[in-house]
Amino acid sequence: MQPDPAALHAAAVRIMARCDELARYSSLATGIERVYLSPEHARVNRVAARWMREVGLDTWQDEAGNQCGHLPGRDPDAPSLLLGSHLDTVRDAGRFDGILGVLMAIEVVRALGPRWRTAPIGLDVVAFWDEEGARFGTALLGSSAMAGLWKPEWWDLTDEHGTTLRTAFHEFGLDPGRIGAAARPAHTLAGYLEAHIEQGPDLDRGNAPLGVVTSIASARRFAVTIEGEARHAGGTRYEDRRDALLGASEVALAVERLCRAQHHIVGTVGRLETFPGAVNVVPGEARLTVDLRGEHDDHRDRVWRDISTELDQIAGRRGLRWSATELHEAPAVWCDGLLQDVVRAGIEDTGARDVPTMFSRAGHDAMAIGAVTGVGMLFLRNPDGISHHPAESVSLADVETGLTALTATVEHLAREAA
Ligand code: GLV
Ligand code: MN
Ligand code: MN
């Protein structure tokens, strides 16, 4: 059915205004940061729940802190198509990563809700938490809980203040013992669809507002500790030094060199701390993170093996010791064929031809949810491809087109399910 142009425009304007509104819920005085199980998490869930109820969804917060909403179709026991994304952010984030997908999902329900009573499947909206892993290092916690992938060892993860995930659950008012109840059995789901800004420049450079995602890159994250010896900066000759920072610096350069040598692999050292961290002391310990992304798991794993070999060599040369803890591992996930087809059909309904297809280099909740149901993603053009940065943006016109496409995608899927 053709969307009402005035209603569609109003929905896109509302989405942009709400992205601005949510940007105000932040733990930073200037800039955006919302992490898992924080006061901002609780506040934003309340706001999102109100917006979900406004469009007719029954709402609840699940046992992992995800904000959920449900609209039944004609059969209350039929599985639901899950639409959504995440509301947590990285530090000093933009205002669209994740948030846009949740708000677009709510507007799809607003547009289709009155007609959904006759649909063969239910329609759920989910606002996940901790897609980014900004607080506890391990990403996709909320979506992993929903996919039934929760690992008991996660309870002992700590944030930068030493608070364990278990304690954070209690402080937030959630019961760790009930985490299993957040899992959605596969038979209750008819698929997962997520709209997201592209976190790279390909659509922008290709002059296309929307694209179909074919797969999501695999990821691994490590915390690496390098131990040397802290000694006097004046009294210690070079030949007597075991400088952990110089070792870590070589590692950071090796990560870049080894990743560049592979096809479609990127590696990032995003955090580096030294101890004791004094101007007149040779660094005795360095801690750094390594984030690896690849289109294929085996390429990503080969690079980690190469980095480990290089770490052995650097440590051997410099008299250092190293160890690594894996913080996060997510295999590459292929988007479901039918969902790719309906996303393409939805985009074509906006008048587009030669719709671009692309693999997502960034991680998404779909990676976890893919363990229980088929997943599909629609990307929106991101000017200059900048993301995880306050300058992240998307145009009102593209949100309007994206909403048309997402709504049409859901309608195509409902027809396929009939
Ligand atoms: C999430 O945005 C990630 O890819 O790190
Ligand atoms: Mn992100
Ligand atoms: Mn995201």
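Every read-out reported here was derived from the displayed coordinates using simple, explicitly stated rules and does not represent laboratory data. The shown structure was predicted, so the numbers you read here are calculated from the model rather than taken from an experiment. Don't worry about glycine lacking a Cβ; one is built from the backbone with ideal geometry, like all the others, and counts go over all protein chains shown.
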(Q) Suppose we take every Cα in the chain and form the convex hull; what volume per residue is that in Å³? (A) 138 Å³
(Q) Could you check the spin-label model distance between Ser27 and Ala6? Points 7 Å from the Cα along Cα→Cβ, value in nm. (A) 4.5 nm
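Take the Cβ-Cβ distance between Thr118 and Leu272 as r, set R0 to 56 Å, and report the resulting FRET efficiency rounded to the nearest 0.05. Intermediate results must be reported in sequence, preceding the final value.
Working: r = 57 Å, r/R0 = 1.02.
After rounding to 0.05, the efficiency reads 0.50.
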Q. Suppose R0 equals 45 Å; then what is the FRET efficiency for Asn280 and Arg43 from their Cβ-Cβ distance, rounded to the nearest 0.05?
A. 0.50
Q.
For a Förster distance of 45 Å, can you work out the FRET efficiency between the beta-carbons of Arg166 and Ala252, rounded to the nearest 0.05?
A. 0.85
Q) In nm, to one decimal, how far is the Asp240 label point from the Arg415 one, both placed 7 Å along Cα→Cβ? A) 8.0 nm
Q.
Please compute the length gained on full extension between His389 and Ala181, using 0.36 nm multiplied by the number of residues separating them and subtracting their Cα-Cα distance.
A. 71.4 nm
Q. With the dipole of the chain worked out from charges on the C-beta (+1 for Lys and Arg, -1 for Asp and Glu) around the Cα centre, which of Met377, Leu272, Trp304 lies farthest toward the positive end?
A. Leu272
Q) Ser308 versus Thr214, label points 7 Å from Cα toward the beta carbon: distance in nm? A) 3.1 nm
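Rounded to two decimals, what ratio of Rg to Rh does the stretch 222-311 give with C-alpha atoms and a Kirkwood Rh?
Values: Rg = 14.9 Å, Rh = 13.9 Å.
A ratio of 1.07.
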Q. So, by mean Cβ neighbours within 10 angstrom, what's the order for 251-262, 373-384 with the highest one leading?
A. 373-384, 251-262
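I'd like the antiparallel share, as a percent to the nearest 5, of DSSP beta bridges with both residues in the stretch 17-131.
Working: 9 of 16 bridges.
Once the DSSP bridges in the stretch 17-131 are tallied, antiparallel ones form about 55 percent.
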Q) Using alpha carbon centroids, what distance separates the stretch 256-325 and the stretch 8-67, in Å? A) 36 Å
Q) Which far-off residues, 5 or more places away or on another chain, put their amide H under 5 Å from the one on Met377, with H placed in the peptide plane? A) Glu194, Val213
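Beta carbons within 10 angstrom, averaged per residue: use that to sort the peptides 288-296, 8-16, highest first.
Details: 288-296: 21.9, 8-16: 18.8.
For the peptides 288-296, 8-16, the packing ranking is 288-296, 8-16.
Given 0.36 nm per residue, what is the gain on full extension from His263 to Asp58 after removing their alpha carbon distance, in nm? Present the calculation step by step, with values, prior to reporting the outcome.
On the way: separation 205, 0.36 × 205 = 73.80 nm, distance 4.58 nm.
This chain segment gains 69.2 nm when fully extended.
Share of antiparallel DSSP beta bridges in the chain, in percent to the nearest 5?
Values: 44 of 65 bridges.
Taking every DSSP beta bridge with both residues in the chain, the antiparallel ones total about 70 percent.
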